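A short reminder: the numbers here are calculations on the coordinates, not readings from a lab. Here the structure is a predicted model, which is why all the values come from computation and not from measurement. A quick note on method: Cβ atoms are made from the backbone with ideal geometry, for glycine too, and the neighbour counts reach across all protein chains shown.
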Amino acid sequence: MPADETAEGSGLGPMLTFLFAVSCGALAANLYYAQPLVALMGADLGLPIAVESAIVTLAQIGYAIGLVFLVPLGDLFENRRLILVTMAANVVSLLGLAVAPGAAALFAMMLVVGTTSAAAQMLVPLAANLAPEKQRGAVVGNVMSGLLGGILLARPVSSFLAGIVGWRWVFGLSGALIAALAAISLALLPRRVPAGQRGYGALIRSLGQLFVTEPVLRRRGLYHAAMFGAFSLFWTAAPILLMRAPFNFTPSGVALFALAGVLGVFAAPVAGRLADRGYTRIGTTAALAMVVAAFAAALFGTHSLMALIVSAVMVDLGVQANLVFGQREIYGLAPDIRNRLNAVYMTTFFIGGAIGSALASPVLEAFGWLGICVIGMAMPAVALFYFVVVDGKKG
């Protein structure tokens with residue numbers, strides 16, 4: 001496809017679809033590389049244990065900032081240029097993170113890495129706009145599979161690499177990967193000039209209005225905020241637990257454990273088919289209940305590795321399934337504003353994820369693994385209660 005292609009629905013082709021999927025996965029992975037590495041990074045830079053999880057929190061806060069203030073620019077500016085500029089900034093911030101001399105530089109670069117990784121959410125709507133109507137669902141599904149794959153593989157990949165070359169090279173190599181993908185995108189990515197004439201200020205203000213005026217969007221965002229908060233809590237705290245007695249895992253051991261979460265990628269296509277057949281309500285109930293049960297099983301995790309593995313699989317399956325059920329509902333609200341619906345939905349639940357990761361270290365230090373499990377059960381349990389008891393009366 002020529003780089004000056006501007007026609008909507010003109011098609012992507014297998015190669016371009018693959019480029020979209022890999023790019024989305026590589027960008028989204030930047031938010032999760034640090035999860036199993038916070039203890040190593042904190043020890044290297046002399047951080048107090050209670051603030052180590054702030055490393056992950058800042059990446060997620062940055063991503064939320066990118067979703068709110070950068071992703072809507074796709075409705076104003078030519079998409080190809082916007083994506084390439086954001087990816088270039090992502091490369092610079094990753095390299096800055098790799099050479100960060102102290103905690104202040106580390107935190108600042110982590111925030112920028114998270115913000116510019118939101119380029120992933122510029123690529124997804126671009127793929128939807130370029131795909132023919134009859135192929136739009138399949139194309140977006142393939143791109144989202146790449147994004148979910150990046151999220152789920154990030155933890156084991158970063159753990160393996162950190163055990164071999166150290167944590168700094170994890171981010172340096174990620175910067176090299178994003179740079180290579182940006183170079184390929186420069187040659188292959190088609191142009192798309194948006195038709196919207198709305199000003200930037202009005203565009204940003206409309207995001208808050210959508211959250212207030214669209215109850216389905218608001219409820220779905222909050223449900224998944226609770227789920228993603230539990231997800232981030234588990235995956236930030238579990239590696240810290242595993243690197244202590246009685247497990248005493250190395251980074252490579254944590255990587256093997258994190259591979260259990262990769263099974264969550266299989267939840268997305270199954271959830272999508274269930275939603276298409278009208279099983280969104282029962283599927284959402286099952287997904288929320290699964291994460292509650294996962295943390296109940298994790299109560300035995302202080303001395304049972306199998307309990308932790310089962311919990312990891314259940315957390316990832318439940319969270320990924322709920323994400324797809326939520327997307328299926330919000331994308332049906334108003335096709336002409338899907339970019340902004342996506343931005344509001346993603347921002348809402350990433351704030352929940354930031355809260356979950358921020359709680360991990362201080363809760364683990366103050367209340368132990370029991371505190372992690374209690375909070376992890378409470379988050380989806382509250383969402384499940386509201387969905388079944390309150391939301392059920394409305395539906």
Subject >> Cβ-based net charge around residue 274, under 13 Å, with every Lys or Arg adding one and every Asp or Glu removing one >> reply: +2
Subject >> Residues with amide H under 5 Å from that of residue 244, placed H, sequence gap 5 or more >> reply: 249
**OP:** Can you find, among 139, 62, 46, the residue farthest towards the positive end of the dipole of the stretch 36-151? Put +1 on the C-beta of Lys and Arg, -1 on that of Asp and Glu.
**Re:** 139
Subject >> Max mean-square fluctuation residue, GNM over the chain, Cα-Cα springs under 10 Å, options 236, 115, 17 >> reply: 17
Original post:
What list do you get for 373, 24 if you sort them by fewest beta carbons within 10 Å?
Top reply: 373, 24
Original post:
In whole percent, what relative contact order does the chain give with Cα contacts below 8 Å and a gap of six or more residues?
Top reply: 26 percent
Subject >> Selection from 272, 304, 332 lying farthest towards where the dipole of the stretch 269-394 points positive, charges on Cβ >> reply: 332
Subject >> Theoretical gain in end-to-end length, residue 276 to residue 216 [0.36 nm per residue, Cα-Cα removed] >> reply: 19.9 nm
**OP:** Work through the residues other than residue 236 whose Cβ is under 12 Å from its Cβ and net out their charges, Lys, Arg +1 and Asp, Glu -1.
**Re:** 0
Original post:
With point charges of +1 on the Cβ of Lys and Arg and -1 on the Cβ of Asp and Glu, referenced to the Cα centre of the chain, which listed residue (153, 111, 201) lies farthest in the positive direction of the dipole?
Top reply: 201
**OP:** Mind putting a number on the dipole of the stretch 13-394 about its Cα centre? Charges go on the C-beta only, +1 for Lys and Arg and -1 for Asp and Glu, and I need it in Debye to the nearest 20.
**Re:** 840 debye
**OP:** Fewest Cβ neighbours within 10 Å first, please rank 155, 192 accordingly.
**Re:** 192, 155
Original post:
What is the extension gain from residue 252 to residue 165, computed as 0.36 nm multiplied by their sequence separation minus the C-alpha to C-alpha distance, in nm to one decimal?
Top reply: 30.2 nm
Original post:
With charges set only on the Cβ (+1 for Lys and Arg, -1 for Asp and Glu), what does the dipole of the stretch 268-336 come to about its Cα centre, in debye to the nearest 20?
Top reply: 180 debye
Original post:
Hey, fewest Cβ within 10 Å first, where do 257, 228, 247, 107 land in order?
Top reply: 247, 107, 257, 228
